[in-house]
Amino acid sequence: MKTLTYNDIKIEQVGEVTWIVPPVRGMRVPGKIYADQRMMEEIIKEDESIKQVINVAMLPGIQKYSIAMPDIHWGYGFPIGGVAATDLEEGVISPGGVGYDINCGVRLVRTNLEYADMKQHMEKLVQSLFKHVPTGVGSSGAIPKLSQKEMTRVLQNGSRWCFENGFASREDLECTEEKGTLSSANPDYVSERAKERGYNQVGTLGSGNHFLELEMVEEIYDAAAADALGLFPGQLVMMIHCGSRGLGHQVCEDYLRVLTNASHKYGIHLPDRQLACAPIKSDEGQRYLGAMAAAANFAWANRQVIMHQAKKSFQEALKISDRDLGFRLVYDVCHNIAKMEEHDIDGKMKTVCVHRKGATRAFPPHHPLTPEKYREVGQPVLIPGDMGRYSFVAVGQQASMLESFGSSCHGAGRVKSRHQAKKDARGKDLLDEMKKLGVVIQARGMATVAEEMPSAYKDVSRVVEVMHQAGISKKVAKLVPAGVIKG
Amino acid sequence: MFKILSHTADIALEVQAANLESLFTEASRGWKEMVFEDSETRPAETRSVRLSSPEAEDLLVQWLSELNYFLTVRQWVFHQCELVSLQRSGVMWELDAQVSGEALDPARHYIYFDIKAVTYHQLEIKETNGGGYQVRIVFDI
C-alpha cells in the first residue's frame, strides 16, 4: 500500500482503489477518495479538488467521511464527484454540495430496434430529434408555456405532473429515482425570477455538456443484469443528460445569498464562500431544502417531457408502431442532489442528509428503494462518457451502502478547458471528424460541438472500472454513440 | 481593463479599474466579450437597473447575473453601460445603471459561451497599490 503526499498531508492507500486523507486542520472526519494509483497521482498534481475534500470535512455534523468519487475534479465549494452525509440535528445543508444545476441527471431509454437496421436512418432520426427537442442557450417551447398554476404543480409533483398530463406512463415513474417526485418540495420557496426562467423550459436540453444521444449497446459485461434492464447487444438506446435549466441555477444563486447570511448568523466558519450553509433544522436550511426539491422535481419533469418529445421524433422519422418501437425507460438518476436517506452510522441505521454533487445513487439489490423489477440486480447507475467514445450502465452493489452512502461515480470529467477545445477545433471539420467515428451530430452552434469533442474529456472507462473494483457499482453494459443532438 | 481566463471546467474574468463604478462597467464589457466574442450589438433601447446588497462583491454578482437574465429570459442583448452610479447608503451598497441593448437576433448574435451562473468562488474586490480596484470573477458555463 502506497502513501502519497499532498501539501504535507500523507494520503494513505487503504485498498486497491481507496485512499484516506487523515483528519487535519479542522477536519471533523477523514477524507476518502476512490481512485487507482495513477489517477490519484493525477488528482494530486492537477487541481485543488483534494483541498475541497478537506474543506467539506470541516462542515458541522458531517458523518464518517468526506467522500470523493474517481471522477473527482474541482467544483464550486464541494468538488465535483463529492459525497457528504450530515446529521439532521447537528448538521448543515449546503447548496455547494448540490451544485448550480439541481438534479442534473441521466435518463436511459431502450428500444426494440437494432442499430444495424437503423444506421441508414440515423441522419433522419437525429434531425427529427433536433426538431422536437429544443436545444441551446435559453431554448424554449417544447410544450406550451406553463401558466403560474401549472408551474406550481410541476414544482410540487415533478414526474407525477407529467403522468397526469399525458407525458409519462406509470412504468416511467417506477423507473425514476424517487419516482420523479420529492414530496418535500415547496414551490413557495422558489423565487419569481427562478420560476420566470422555467415557464418556457420544460422539455428543453439547454447547452454546455448536456445532450441527447442515440447509442448502440456494444458490449454486455453481466448478462443477468442486462437482461433485467432489458438490454441486449446491438440494441439502439437513447441517453438524455440535462437538469433543471435556468430555474435550478436561479434557486442555487438565490439561496447561496440566503445561506451566506445564515452561515454568519449561526457562527459557522466557512473555508470557502461557496460552501455557504445553514443548520438543516433552521428556517433558512428548510427553505433551501424545499426550493431545491422543487427544482429537482422540475428537472425530472424536464427529462420526462424530453423523452416524450423524443418518442414523437422516432415515430415521425420511422413511421413505426408503439409495439415495434418499444420505447421504454430503463432508469433515470440524478447526480446533483441532497436527500434524506437511511444509512448505517456506527452500526445504527440513521436518517442523514446525503449531498451528492456529481455522484449517482447506487442502491444495491434488495434495497427497498431499488425498483422492484431491478430488486435482484441492483439500481441502475448511468455513467455518460464523451460523444466519441462510450458511456456505461452499471448497477449498485452492497459496498455502496457500507462505504459511500449508497453512491457511485457520474461521468468522465473534463481534461481540457472549453476555451482550449474551441481553439484546437479552429479550421477543423468537426462534424466530418465525428462522422468518421460513426456519430451523426446536429447542434445549434459549432462552438458547443468544439467544446465537447472527445479529446476534451478523460476516459470514463477508468472511472467505471474503479467503482467496479471497489464493489460499489458493477459494470453491466458499454454503450457507443451513434447520433447526438446538442445546444 | 479586463482579461478573460480559461479554466478546465469554467471561465473567469480578471478586471482592473481606477474606481468601483469603472470596475462594474469593465466587468460588464468583459461579460459581453465572453458571451458574444465579436458579434455586433446595437444600442436600440435603454433599460434601468437598480440593485442593492450589503456587500460590493454580491452586488457585482447580481449585476452580471442581471445581464445574463436579460439574455436568457428576456432574449435581450446587452450593448453597453450608459451610466453607472454606485454608492453606499447605510449598510447597503446601491447600484443605479442605464444599459443599452437590443432584442436578440440569432442571425447577428452568436452566443460563444452560455454563462449559467456568476459564482462567488474566491470573489473579493481588492484595492490595488495604485489606489484602484481589481477582482476576479469565475463563471459557471
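The values are calculated or read from the model by the stated rules, or taken from the named source; none is laboratory data. What you see is a predicted model; the values in this text were computed from it and never measured. Neighbour counts run over all protein chains shown; Cβ positions are idealised from the backbone, glycine included. When the accessible area is computed, the model is the full protein with side chains, heavy atoms only, and any ligands, DNA or RNA have been set aside. Shrake-Rupley method; radii C 1.70, N 1.55, O 1.52, S 1.80 Å.
Accessible surface for residue A:265 stands near 130 Å², nearest 10, in the context of the full protein assembly shown (1.4 Å probe).
Put simply, when A:307-316, A:145-154 are sorted by average Cβ atoms within 10 angstrom per residue, most first, you get A:307-316, A:145-154. Just to confirm the number: angle between the C-alpha axis of helix B:20-36 and the first principal axis of chain B, 0 to 90 degrees, nearest 10? That helix lies at roughly 30 degrees to the long axis.
In this structure, the amide hydrogen of residue A:379, modeled 1.01 Å from its nitrogen in the peptide plane, lies closer than 5 angstrom to those of A:363, A:396, counting only residues at least 5 positions away or on a different chain. Put A:322, A:172 in order of accessible area, highest first, and with a 1.4 Å probe you get A:322, A:172.
Equivalent ellipsoid of the range A:300-396: semi-axes from √(5λ) of the C-alpha gyration tensor, largest first, are 32, 16, 13 Å. Counting Cβ atoms of other protein chains within 10 Å of each residue's Cβ and taking the mean over peptide A:257-263 gives 2. If a/c stays under 1.5 just call it rounded; otherwise compare a/b with b/c (prolate if a/b is bigger, oblate if not). Do that for chain B, with a ≥ b ≥ c from the square roots of the Cα gyration tensor eigenvalues. The shape class here is oblate. The equivalent ellipsoid that matches the C-alpha gyration tensor of the protein assembly as shown spans semi-axes of 35, 30, 23 angstrom, in descending order. The calculated FRET efficiency for the pair residue A:131 and residue A:328, based on their C-beta separation and a Förster distance of 30 Å, comes to about 0.85.
For residue A:350, a cut-off of 25 angstrom between C-alpha atoms picks up these lysines, skipping any fewer than 8 places away in its own chain: A:32, A:64, A:179, A:281, A:339. When you work out D = kT/(6 pi eta Rh) for the range A:176-234 at 25 °C and 0.890 mPa s, using the Kirkwood radius from C-alpha pairs as Rh and the Stokes-Einstein form, the result is 155 µm²/s. List, in the order given, every pair from A:45/A:423; A:45/A:435; A:124/A:458; A:124/A:474; A:51/B:126; A:311/A:458 whose Cα-Cα distance in the structure shown is over 26 Å. In this structure, A:45/A:435; A:124/A:458; A:124/A:474; A:311/A:458 lie more than 26 Å apart at Cα. One Cα centroid belongs to the range A:262-277, the other to the range A:149-177; the line between them spans 35 Å. When both the range A:3-74 and the range B:70-129 are represented by their alpha-carbon centers, they are found 37 Å apart.
With every protein chain in place and a 1.4 angstrom probe, the accessible-area ranking of A:115, A:65, largest first, reads A:65, A:115. In a simple Cβ point-charge model (Lys, Arg +1; Asp, Glu -1; nothing else charged), the range B:2-140 has a dipole of about 80 debye relative to its Cα centre.
Ranked from largest to smallest solvent-accessible area, with a 1.4 Å probe on the protein heavy atoms, A:374, B:133 come out as B:133, A:374. Amide H contacts of residue A:18 (H built 1.01 Å from N, in plane; Pro and chain starts excluded): A:35 sit under 5 Å, all sequence-distant by 5 or more or on other chains. Between residue B:105 and residue A:24, the modelled labels are 5.9 nm apart [label points 7 Å from Cα along Cα→Cβ]. Solvent-accessible area per residue in the range A:3-97 equals 34 Å², computed with a 1.4 angstrom probe and all protein chains kept. Taking the charge dipole of the protein assembly as shown about its Cα centre, with +1 at Lys and Arg Cβ atoms and -1 at Asp and Glu Cβ atoms, the residue from A:365, A:56, A:184 reaching farthest to the positive side is A:365. Surface analysis of the range B:2-140 yields an accessible area of 43 Å² per residue, using protein heavy atoms and a 1.4 Å probe.
One chain, two ends: residue A:283 and residue A:435. Fully extended at 0.36 nm per residue, the span grows by 49.4 nm beyond their Cα-Cα distance. What are the aspartates and glutamates whose alpha-carbon lies under 13 Å from the alpha-carbon of residue A:373, with same-chain residues fewer than 8 places away excluded? Partners found: A:171, A:172, A:174, A:227. Toward the positive end of the charge dipole of the range A:3-97, with +1 on the Cβ of Lys and Arg and -1 on the Cβ of Asp and Glu, the farthest Cα among A:81, A:92, A:34 is that of A:92. Taken one residue at a time, the phi angles of the range A:54-60 give Karplus couplings (6.51, -1.76, 1.60, θ = phi - 60°) of 5, 4, 5, 5, 8, 5, x Hz. Gly and Pro are set to x.
For the protein assembly as shown, a crude dipole built from +1 on the beta carbon of Lys and Arg and -1 on the beta carbon of Asp and Glu, taken about the Cα centre, is about 600 debye to the nearest 20. For the range A:70-202, a Kirkwood hydrodynamic radius built from all Cα pairs, placed in the Stokes-Einstein relation at 25 °C and 0.890 mPa s, yields a translational diffusion coefficient of 135 µm²/s. Mind checking which of A:399, A:472, A:453 is farthest towards the positive end of the range A:395-487's charge dipole, using Cβ charges of +1 (Lys, Arg) and -1 (Asp, Glu) about the Cα centre? Selected residue: A:453.
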